[in-house]
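Here is the structure we will look at.
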Amino acid sequence: MPNGYLRQRRRRQRLLALSLAAGTLGGATAGLLWALPDREYTFAASPGHGRGLSQNGAFDRAVGGNTAETILAHYYPGAALDTVASTPIRVRLMGLDGKTLDVESETGLYVAGRRVVPGQAAHLTPTATGADVTITRGCDGAVLWEGTTDDPYAYPLENGANRPIAEQLELCEGSNYRGVLGVTLDGNESRVINEVDIEDYLRGVVPAEMVPNWADEGGAEALRAQAIAARSYALADQRYSYAQTCDTTDCQAYPGTDREDARTTTAVQSTAGQVLVYDNHILRAEYSAAPDAGTPSIDNLEVGPALSEFQSAPTLVDPTVPTYTDPSTTDPTYTDPSTTDPSYADPTLTDPATPGVATAPTPRDLTEAVTPPLIKALEMLSNAPYFANPVTPGPPLNPGLPGNMASPSTASTPTPPTTSVPLFSGPA
């Protein structure tokens, strides 16, 4: 049996699970596949809407030597590539619609200005002004504290992108998420939101939407093309007042960190910030597992916010290129001190009173720099005073009325409280 046939058959077998699970972007229906023994899978219905990038076709083109850029140029003719700075995105976790946010962490977390230590869990229910909060032993143990907060988010102990998985927030149901988790009201219904850096979000999306080990079969450029298309789609998507997108195949599959893979992470990192742009707007770059057929077009694809609404990515500096330049040729304010400073003496010139002896330059009036004392960081971060005097449980829960979601404390991955907060360890 030809090797090419076997490779295609194995690839279709791996796509089976994705195609069965994958709905389409924009409301089309996922296709079904069937197979006979020792035969290739045959499409019984469309496995995708056929708009934009064909994942199968992208793989074939990558194996044939195409780069991610040429693959995208084929499937999105007329679009251009541009780069935006990293930005946060809010994702609706649809499996938690109508439910309380129950969250814990291996390293602890912050909620309602309190530190929740490992072995404890926080439970947030949205209100009109924030959230009701309960802290328990484990996910379903004894209640340790109850109260309310106007900041309806749970924060990891360390903020920022690309943090270790052990530091991430974990739902009591089992999935881990980067960024922060929060709650809001959509009418009278509760919603759970993951606010996360777009690049961290893509680390979860790409391996859920495309087969990671294609990178081992010559398809690494297909993964890079997928990363750019997925980034464009997410930033162009504007579905809800409280979140840009969702975590199911109605939008893009996003299981948190559960399926992250080093090969797809490489694809995301190597294309960081790159987006497809059409008419100066981010292109809602749809894609599917449909066969590579038809005429590629972007006429039926939507666009999102204008490119100008996003901060431009900073220009990367090549560390191998020297950056020093002669100030006499590049600094318009530079003047030769020998012509402007009357106290300046060229040390290479001889003293007319003592021929052959160089003239020492006039000493400059230098003030000794004073180094400020170092701050004892450990003393600032220590929660030691609170171990001896644990915080008294706060007031009981006060149910609120439906309302809109508050914003986290920063525009990017929110920063945990900077003031020293009690380390709540519960009653003895």
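We did not get these values from a lab; they are worked out from the coordinates using the rules stated. Bear in mind the structure is a predicted one, so any value in this text is a computation, not a measurement. Cβ sites come from the backbone with ideal geometry, for glycine too, and all protein chains shown count toward neighbours.
Name the GluC sites (Glu not before Pro) in segment 132-204 that are in a loop by DSSP and that have at most 15 other C-beta atoms within 10 Å, would you? Those satisfying the criteria are Glu158, Glu173.
Can you give the net charge of the other residues whose Cβ lies under 9 Å from the Cβ of Val192, counting K and R as +1 and D and E as -1? Please report the intermediate quantities before stating the final value.
Numbers: positive: Arg92, Lys99, Arg191; negative: Asp97.
Local charge sum for Val192: +2.
If I take all pairs of Cα atoms in segment 120-173, what percentage of them are more than 16 Å from each other? Across segment 120-173, Cα pairs with separations above 16 Å total 51 percent.
For segment 66-130, the convex hull drawn through the C-alpha positions has a volume of 232 cubic angstrom per residue. Put simply, the amide H of Val116, placed in the peptide plane, has neighbours under 5 Å in Leu109, Tyr110, Val111, leaving out anything fewer than 5 places away on its chain.
Given the convex hull over the Cα atoms of segment 188-262, what projected area results after averaging over all orientations, in nm²?
Numbers: hull surface 21.1 nm².
Result: a mean projected hull area of 5.3 nm².
Loop-located trypsin sites (Lys or Arg not before Pro) in segment 149-257 (DSSP state not H, G, I, E or B) with no more than 15 neighbouring Cβ atoms inside 10 Å: Arg239.
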